[in-house]
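Every number here is computed from the coordinates shown, using simple stated rules; none is lab data. Owing to the predicted nature of the structure, the values given are computational and were not obtained by experimental measurement. Because the Cβ atoms are built from the backbone with ideal geometry, glycine has one as well, and the counts that use them run over all protein chains shown.
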């Protein structure tokens, strides 16, 4: 896992208030090669979470950092120096 952020705003619909985490898959110990984002619905008591994995229409790359910007979108940076803007459907 590389970073995480809490999504905020009605544009995220059912993901508003949920945590999104980025992974850096490097193919060791069965981890997938490439990028992955998971959205976590953390229980009120903080003892459990339900995970949704997000399918990404982009080439594989290792996510390094992410932040939700003032415009409400999520921006994710890769090892290769690319920055992707993630917007809700």
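Please work out which option in (1) 12.0, 36; (2) 13.1, 38; (3) 13.1, 41 gives Rg and Dmax of the Cα atoms in Å calculated from these coordinates, and answer with its label. So the calculated entry is the one marked (2).
Computed on the chain, with alpha-carbon pairs under 8 angstrom and 6+ residues apart, the relative contact order is 24 percent. In this calculation the C-beta distance from residue 86 to residue 47 is compared with R0 = 22 Å, giving a FRET efficiency of 0.20. A full extension of the chain between residue 6 and residue 19 corresponds to an added length of 4.3 nm, given 0.36 nm per residue minus the alpha carbon distance. Packing order of peptides 42-54, 10-22, 76-88, highest average first: 10-22, 76-88, 42-54 (average count of other Cβ atoms within 10 Å over each peptide's residues).
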